[in-house]
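What follows is a single structure, written as structure tokens, with notes after it.
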Amino acid sequence: MNSLILRTTTGFLLSLLMLFSVYLMLRGHNAPGGGFIGGLTATAALTLYAFAFDVATVRKMLRLDPLSIAGLGLALALCSGLPGMVGGDAYLTSRWAVLLLPDGAEIHLGTPLLFDFGVYLVVIGVGCAVLLTMAEERGE
């Protein structure tokens, strides 16, 4: 598509939508949302970018093959269950660590966050692989 308005607004929207997708992924760690909906939002943002520009530009921007991104996410999601087994518990038992900030605030980090990030990458990888392949076959 060769629309100046679409190209200009997509440049602004891409960064906002990607930031929103990370917010959804992190929010889902303790509330509704999570890796799946965050990944869908990121995939939608990249699809919009492919419509505004072209598939080759999106592939260059990703730097990795989409299926490699999905494989990395799957490996991360699978490995997130291992720390629970180290302590003698069942696979995917949550483990938590507390990060103390200089001002006394605490950030609670756990294996569910790793699992959500893995799901996030799997959804982005598979979604982009499907959509970019369909766009290439269509000749866009």
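The values are calculated or read from the model by the stated rules, or taken from the named source; none is laboratory data. Computed from a prediction, not measured in an experiment: that's the story for all the values here. Glycine gets a Cβ as well: all are built from the backbone with ideal geometry, and neighbour counts include every protein chain shown.
Descriptive notes on the structure:
- Within the range 90-140, the residues that satisfy the criterion of being without any contact (Cβ under 8 Å) to a residue 12 or more places away in the chain and of a type in the set (D, E) are D103, E106, E137.
- Out of T47, T43, T93, T111, sole residue that is over 12 Å from the mean Cα position of the chain (by Cα), under 19 Å from L17 (Cα atoms) and either crowded, with 21+ Cβ neighbours inside 10 Å or not aliphatic (A, V, I, L, M) (or both): T47
- Single unsatisfied condition, T41 versus (1) within 12 Å of V123 (Cα to Cα); (2) modelled with pLDDT under 95: (2)
Condition check ((1) at pLDDT 95 or above; (2) touching a strand residue (DSSP E or B) at 6+ places or on another chain (Cβ under 6 Å); (3) among the aliphatic types (A, V, I, L, M)) across all residues:
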| site | (1), (2), (3) |
| --- | --- |
| P32 | no, no, no |
| G35 | no, no, no |
| D54 | no, no, no |
| L82 | no, no, yes |
| W96 | no, yes, no |
| G104 | no, no, no |
| G110 | no, yes, no |
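- Selection from the range 23-46 of residues that are under 21 Å from L13 (Cβ atoms) and polar (S, T, N, Q): T41, T43
- Residues satisfying the stated conditions in the range 1-34, i.e. among the small types (G, A, S), part of a helix (DSSP H, G or I) and over 15 Å from G118 (Cα atoms): G11, S15
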